[in-house]
Amino acid sequence: MLVRHARITVHTCAGRPSYHNITDDVRRIIAQSGVHDGICTVTSAHTTCSIFFEEYMHDRNFYGDELLHVDLNEALDKIAPRQTTEGQYHSPGPRHIAYGMGKTDPAYPAEEWTMLNTDGHLRSDIIGASETFPVMEGELLVGAVGSIYFVDFDQTRERVRHANVVVLGSKE
């Protein structure tokens, strides 16, 4: 049994959800794994991020977002509107804000407004943090237009994010 762990790094944007097609990265990791038949699991390492499987859309808006992602954003806006002020949601409460303000990450200095990302957590909860795919004869089975996407729903700031990939299976 072979097991390969790998990480994909993405750089997100501020002001809107940040979508990344990571299908080619996952295919490369599968090829490097030596797994002939098995499964590949892709997971988000972040609570405001999701992994999902969807058809690749050729059409994009002026920001470069695929139109299906724009449609997804509009649907999610109705369910979990973007958090623009404190008190809009129950979360974050004072204890969580105190916790967040106590973190010392030089890449992301703590400011109270950066804690206003409840919508990102809710959207990630709805979409999910992982997907598992079959691998047959060394190939990722996602069809001709199936794609794997990483999305960061936290719109407060740019960040460096990670998707974890585990390929598990047998050699030829």
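Only the coordinates and a few stated rules stand behind these numbers; no lab work does. For clarity, every value in this text was computed on a predicted model and none was experimentally measured. Cβ coordinates were reconstructed from backbone atoms using ideal geometry, including for glycine residues, and neighbour counts include every protein chain displayed.
In segment 14-44, which residues are in a loop (DSSP other than H, G, I, E, B) and surrounded by 17 or more Cβ atoms within 10 Å (Cβ to Cβ)? Give the steps one after another, and end with the answer.
So in segment 14-44, the residues in a loop (DSSP other than H, G, I, E, B) come out as 14-17, 22, 34-36.
Correct list: Pro17, Ile22, Val35.
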- Unique match (being touching a helix residue (DSSP H, G or I) at 6+ places or on another chain (Cβ under 7 Å), surrounded by fewer than 19 Cβ atoms within 10 Å (Cβ to Cβ) and closer than 22 Å to Asn117 by Cβ) among Thr47, Thr9: Thr47
- Query: Only one of these conditions is not met by Glu139: (1) within 19 Å of Asp25 (Cβ to Cβ); (2) touching a Leu at 6+ places or on another chain (Cβ under 8 Å). Which number is it?
  - Reply: (2)
- Message: So in segment 156-172, with the set limited to residues that are part of a loop (DSSP other than H, G, I, E, B) and not polar (S, T, N, Q), which one is surrounded by the most Cβ atoms within 10 Å (Cβ to Cβ)?
- Response: Arg159
- Task: Please verify whether segment 104-119 includes one or more residues that are closer than 20 Å to Glu54 by Cβ and without any contact (Cβ under 8 Å) to a residue 60 or more places away in the chain.
- Result: no
